[in-house]
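The values are calculated or read from the model by the stated rules, or taken from the named source; none is laboratory data. Everything numeric here is computed off the predicted structure, so don't read it as measured data. Here the Cβ positions follow ideal geometry from the backbone for every residue, glycine too, while neighbour counts run over all protein chains shown. Protein only, heavy atoms only, side chains kept; ligands, DNA and RNA dropped before computing areas. Shrake-Rupley method; radii C 1.70, N 1.55, O 1.52, S 1.80 Å.
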Amino acid sequence: MAAPPLLILQDIRLGFGTTRLLDGASLSVAPGERLALVGRNGSGKSTLLKIAAGLIEPESGTRFLQPGATLRVLDQEPDLSGFADVMSYVEAGLGPADDAHRARYLLESLGMTGAEAPAALSGGEARRAALARALAPSPDILLLDEPTNHLDLPAIEWLEAELAASSAALVLISHDRRFLESLSRAMVWLDRGTTRRLEQGFGAFEAWRDQVLEEEERDAHKLARKIVREEHWLRYGVTARRKRNVRRLENLQTLRARRRERTTAPGRVSMAATEAASSGNLVIAVDGISKSFGGRPIITGFSTRIMRGDRVGILGPNGAGKTTLLNMLIGTLAPDAGQVLLGAGIEMVGLDQRRAALDPAVTLAEALTEGRGDMVHIGGAPRHVLGYMKDFLFTPEQARTPLGALSGGERGRLMLARAFAKPSNLLVLDEPTNDLDLETLDLLQELIADYAGTVLLVSHDRDFLDRCVTSVIAFEEAGRWQEYAGGYSDMVAQRGHGVRARAAEKQAPAPKREAAVSAKPAPRKKGLGAVEQHELKTLPAKMEKLSAEISALEKRIADPAFYVRDAAGFAKATGALGAAQAALQQAETRWLELEILREESGG
């Protein structure tokens, strides 16, 4: 016989002003259960979790907690005031029968000592302290709202293992698909104020959700109900997006295969980036770069070639130097040694993970139009701001909402909208998944898959990396970085482990294979000879001539009547186009090589 539930919420109702957030929601948690609570940003997930924790009183409905059952909740905004240090804060959450040593173990596992002063903590460190306080007592029920926020990959994988071994019942809110797949055994979907439950883990959720939405849509048409246009756009478009993303994953495998060959041999919601003219085939050339801070090596002897169309992920533990490496790749930070050269025609757009550019007093519409009327220019064409807002899941009523009133997920979508309105052929995304819900992550993946340019991406989201990148540059140890073809899972398969914390890496020597790959390149001849100087001088004109030839051939081949009129000529033009493109790529590569030599010689 199944054990009775430890916690029951029944017919919970709560509204704010005229908005009905929860309208008959229910939740039941049995001993040892693993529940994932999912729903769109703003649907009320965090509010329902706070009601479950007894922190908020609903307008109506019942909450029942078994007498004697212990419950802990992860505090999203922990208050450490009044505590001498972090250890005191964590130990204050322990009961008389709890293990006092567990507090130290948890803090050390999360990269803290416990001696930190609360006033000096960053937001991420305060969240880690709150996570340790929630886990320390080994409660009967754990309510965790975005527990992976501000954690790096080693900490996320540690937390995953810690929760999997726990006997506590779990209720999780998270945007990290891999985390949910590993831990959830049942799903509670909060949608339009009510809840639905699936007795399977997250792996089965999206297909089940799509089926529910499709059945609702059919029933609505059968009954001749009027479906509100905005609601239809917000909800039913997700099915088609997921199916499109399945096809895009297949295309990504093809791109990865090409990358692997190159590295082993020397109303639906829409998002669209405004793409500039194509860059050259060789986008970034990196040759033996190194960087140190305070005597500590951050990057040592790293080399790579990033070509047009590559999607490169950068991953490693916090403090390894991911953002430093990214800034060196795009030329905003100079290396101590080595060379970084950007190819021709680069137009770059970046996304700041701190979202510092957002003024809380400015309205959503003003942030998108930069205060210039009601139009935003996308791809050189004017578009009304309300239509563009809709592409990023904002409703017309939000146009005059101050940015300070937006949720974290909404602020993230706004930063995406602002970045993708600018012409670019190189996207630089530093932690773009922070605070985004699952559906917005789907949209971002769709954008990256359709983007014709090159993408550089820093992320701790394993599933997102697997769905988006063609290769990853991973931190090894002591400033050494190694590039692997494929996504995060491909990297793990190649080297036998995921991302390790820096402290652990210091204790183990690196495999010889990796040391050989990322060793400094052999010294080569410095300076340019007379022939090379002439070649460097004449290559730009040659590349310009080839580019013009390619444009003319592409224009001819694009004529639908060309093949019908002259099949042999069409075949000849197609062959000439391929030869010209290959010649241009070879010329660009040679030009960058000569530029590196010239700069090294000081010429």
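Could you sort 449-457, 425-433, 128-136, 210-218 so that the peptide with the highest average Cβ count within 10 Å comes first and the rest follow in order?
Going by the mean number of other Cβ atoms within 10 Å, highest first, we get 128-136, 425-433, 449-457, 210-218.
On alpha-carbon atoms, Rg over Rh for region 361-489 using Kirkwood Rh?
1.03
Probe of 1.4 angstrom, ligands and nucleic acids ignored: what's the accessible area per residue over region 22-70, in square angstrom?
Using a 1.4 Å probe on heavy atoms only, each residue of region 22-70 averages 42 Å².
So for the pair Thr395, Val212, with labels modelled 7 Å out along Cα→Cβ, what separation do we get in nm?
Calculated label separation equals 2.0 nm.
In this model, which of Lys545/Lys572; Lys422/Lys537; Lys390/Lys422; Lys291/Lys537 are farther than 25 Å apart at the alpha-carbon?
Where the Cα-Cα span goes over 25 Å, the pairs concerned are Lys422/Lys537; Lys291/Lys537.
Determine the per residue accessible area of region 109-168 with all protein chains present and a 1.4 angstrom probe, expressed in square angstrom.
Per residue, region 109-168 has an accessible area of 32 Å².
Would you mind checking which residues have amide H under 5 Å from Thr470's amide H? H placed 1.01 Å from N; only 5 or more apart, or other chain.
So Thr470 has HN proximity to Arg311, Val312, Gly313.
Could you calculate, for region 375-427, the ratio of the Cα radius of gyration to the Kirkwood radius, expressed as Rg to Rh?
0.98
May I have the convex hull volume per residue, in Å³, for the Cα set of region 425-504?
Measuring per residue, one finds 105 Å³ for the Cα hull of region 425-504.
Could you list the square roots of 5 times each eigenvalue of the Cα gyration tensor of region 277-430, that is, the equivalent ellipsoid semi-axes, sorted largest first and rounded to whole Å?
So the three semi-axes of region 277-430 are 35, 19, 11 Å.
Taking H as built 1.01 Å from N, whose amide H comes closer than 5 Å to the amide H of Ser28, not counting residues under 5 places away?
Under 5 Å from the amide H of Ser28 lie the amide H atoms of Leu9, each far enough along the sequence or on another chain.
Which FRET efficiency value, to the nearest 0.05, is calculated for Thr574 and Arg383 with the Förster distance at 30 angstrom and r the Cβ-Cβ distance?
The calculated FRET efficiency here is 0.25.
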